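Student: Have a look at this one.
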Amino acid sequence: MAQNGSGGLAQTVAEHQDEILSEWLALQVSGGALQSGRIKEAELRTQCRTFLDLLRDGLEQGGTDPEAPAFGRAKEVLAEVSRSRGMQGFTPTETAAFVFSLKRPMFNALNRTIEAAAGEGGGAVRAASAATARDTWDVTLLLDQLGLHAMEVFMKAREDIIARQGREISELSTPVVKLWDGVLALPLIGTLDSERTQVVMESLLQTIVDQSAEIAIIDITGVPTVDTLTAQHLLKTVAAARLMGADCIVSGIRPQIAQTMVHLGVELDVTSKATLADAFRVALTRIGRAVVKAPRAEAAAPVAARRR
Amino acid sequence: MATGDDAARGTAVLAIGSSDDVVRVRQEVRSRAVAAGLGIVDQTKIVTAASELARNTLIHGGGGTVRVESVSQGVRRGVRLTFEDHGPGIPDINQALKDGFTTGGGLGLGLGGSKRLSNEFEIDSAPGRGTRVTIARWK
Ligand SMILES: Nc1ncnc2c1ncn2[C@@H]1O[C@H](COP(=O)(O)OP(=O)(O)OP(=O)(O)O)[C@@H](O)[C@H]1O
Ligand SMILES: [Mg+2]
């Protein structure tokens, strides 16, 4: 059901659609919409034309309530435009300008209905003015709502990018490294929450298999918080590694973390060492290697541990 | 909850609806703890307690909120956290506080542990109504 006044509004838009479109485009171009080079004029024109068509359909069928289902398609297109702008690195202002720069062409079109009534005498002008004032207000509310919708989608797109980057970094920052034949190290850095822990633990277990490792050192120097979930992940990994024939050593438990773990009541039933270096020394001993001091002259390339 | 000469120095309410939110809670609590002048051990304690309670709110309570307050009492400064959810509630609080008690395959240490890690601990829960846990750590 068309709401009061929107029938006129839809009609005004339909009658002046070409002027609205070209004015709207011109405003965006003069406002610098194409300057960044991220979007071509043809693409912008298509976006504008599509959105304006759908907006007009919405006004015809749904009045001026942006929540009406009639505006569904218009909002979808707007969401698509905003999302792609979010991905392409447009600024919020540039993105918001798409909707907000439509106001002036719309107001101009509405004002033209007053001019058109001028020939028909004072009564007609007064009636047209009243209708225009009302329509102007409706259009303002509608476009403001649509503008907010565009910003929400835009922000969501940006947040998704940040979240994805975060995940990428977290995967990158947990390599399983080989310290010696049969000795692996997993230097953990950052938050040990569900998803990431899963990835890290799987890659550790896989590397244990691939390299027939006997000892895996899990270094948590870079983990800011060890709570019960982290502890549980660590315990599960240690247990799984053990089943595969590898022993784990946990290193890098800082004093504040140790105290907190005691209060929390978690016990890691596993060898632990203060530093990765200490853990490495233990690992070497266990596989029958030792670190000895070599005379300097011999040590063109310093040898840390003597092989059999 | 707030006693007479408690002055709230700033309050933030954070939603807890995903494990990312748990990370955000820890970060907010960490920065409040630093701002309150808590040492590294106390910081770690309150952040860890916050992590436990936030995850309980998420997992057992079905999501909720935490209110993070920087508080002061005379010259003492601290951080107070109020976790709230409208989940199933806890039928037997003493049992839930016992080490090793879990209904969700956890270690069953989070709730009791967060009590031991805090200077103040208050829990209010009833089946069907939800759960509210308030903790504070002072410098
Ligand atoms: N917000 C809550 N709503 C409903 N039940 C809760 C809530 N918080 C805790 N519980 C109940 O109390 C029990 C004990 O909580 P606690 O945090 O000690 O252990 P857990 O969460 O099961 O395991 P974890 O050691 O990983 O924390 C939970 O298993 C759950 O049944
Ligand atoms: Mg818990």
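Student: Assuming B:Leu58 fulfils every condition listed in (1) away from ligand 2 (no atom under 13 Å from the Cβ); (2) part of a helix (DSSP H, G or I); (3) over 21 Å from A:Met261 (Cα atoms) apart from one, which condition is it?
Tutor: (1) is the only condition that B:Leu58 fails.
Student: Go through the range B:97-139 and count every residue that is within 14 Å of chain A (Cβ to nearest Cβ), within 12 Å of ligand 2 (Cβ to nearest atom) and of a type in the set (A, V, I, L, M, F, W, C).
Tutor: Of the residues in the range B:97-139, 5 are within 14 Å of chain A (Cβ to nearest Cβ), within 12 Å of ligand 2 (Cβ to nearest atom) and of a type in the set (A, V, I, L, M, F, W, C).
For every residue, the table says whether it meets (1) in contact with a helix residue (DSSP H, G or I) (Cβ under 7 Å, 6 or more places away or on another chain); (2) at pLDDT below 95.
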{"site": "A:Leu229", "(1), (2)": "yes, yes"}
{"site": "A:Leu234", "(1), (2)": "no, yes"}
{"site": "A:Val238", "(1), (2)": "no, yes"}
{"site": "A:Cys248", "(1), (2)": "yes, no"}
{"site": "A:Thr260", "(1), (2)": "yes, no"}
{"site": "A:Glu267", "(1), (2)": "no, yes"}
{"site": "A:Val270", "(1), (2)": "yes, yes"}
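Student: If you don't mind, another one. Those residues that are within 14 Å of chain A (Cβ to nearest Cβ) and under 14 Å from B:Glu120 (Cβ atoms), I need them from the range B:41-82; list them, please.
Tutor: B:Asp42, B:Lys45, B:Ile46, B:Ala49, B:Ala50, B:Leu53
Every residue, every condition in (1) within 16 Å of ligand 1 (Cβ to nearest atom); (2) modelled with pLDDT under 95, yes or no:
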{"position": "B:Ser31", "(1), (2)": "no, yes"}
{"position": "B:Asp42", "(1), (2)": "no, no"}
{"position": "B:Ser51", "(1), (2)": "yes, no"}
{"position": "B:Gly61", "(1), (2)": "yes, no"}
{"position": "B:Gly64", "(1), (2)": "yes, no"}
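Student: Of everything in the range B:14-40 that's more than 20 Å from B:Gly78 (Cα to Cα) and within 12 Å of another protein chain (Cβ to nearest Cβ), which residue is most open to solvent (accessible area, probe 1.4 Å)? Lay out the reasoning, then the answer.
Tutor: Our first condition is that a residue be more than 20 Å from B:Gly78 (Cα to Cα); within the range B:14-40, this holds for B:15-23.
The next check asks that each one be within 12 Å of another protein chain (Cβ to nearest Cβ); those that pass are B:18-23.
Values: B:Ser18: 42, B:Ser19: 47, B:Asp20: 89, B:Asp21: 23, B:Val22: 2, B:Val23: 30 Å².
Once the filter is applied, the top-ranked residue is B:Asp20.
Student: Quick one: A:Thr197 ticks every box in (1) open to solvent by less than 40 Å² (accessible area, probe 1.4 Å); (2) outside any helix (DSSP H, G or I) except a single one, so which number is it?
Tutor: Of the numbered conditions (1) open to solvent by less than 40 Å² (accessible area, probe 1.4 Å); (2) outside any helix (DSSP H, G or I), the odd one out for A:Thr197 is (2).
Student: Next question. Of the residues A:Asp144, A:Asp138, which is modelled with pLDDT of 95 or more, more than 30 Å from A:Ile287 (Cβ to Cβ) and in the same structural domain as A:Glu23 (by TED's automatic domain parsing)?
Tutor: A:Asp144
Student: Right, another one. Check A:Phe90 against each of (1) part of a helix (DSSP H, G or I); (2) buried (at least 18 other Cβ atoms within 10 Å of the Cβ) and name the one condition it does not meet.
Tutor: (1)
Student: Please count how many residues of the range A:226-265 are open to solvent by 10 Å² or more (accessible area, probe 1.4 Å), within 7 Å of another protein chain (Cβ to nearest Cβ) and either more than 15 Å from B:Val41 (Cα to Cα) or in a loop (DSSP other than H, G, I, E, B) (or both).
Tutor: Adding up the residues that qualify gives 4.
The values are calculated or read from the model by the stated rules, or taken from the named source; none is laboratory data. Keep in mind that what you see is a predicted model, and the values were worked out from it rather than measured. Don't worry about glycine lacking a Cβ; one is built from the backbone with ideal geometry, like all the others, and counts go over all protein chains shown. The area values use the complete protein model at the heavy-atom level, side chains included, leaving out ligands, DNA and RNA. Shrake-Rupley method; radii C 1.70, N 1.55, O 1.52, S 1.80 Å.
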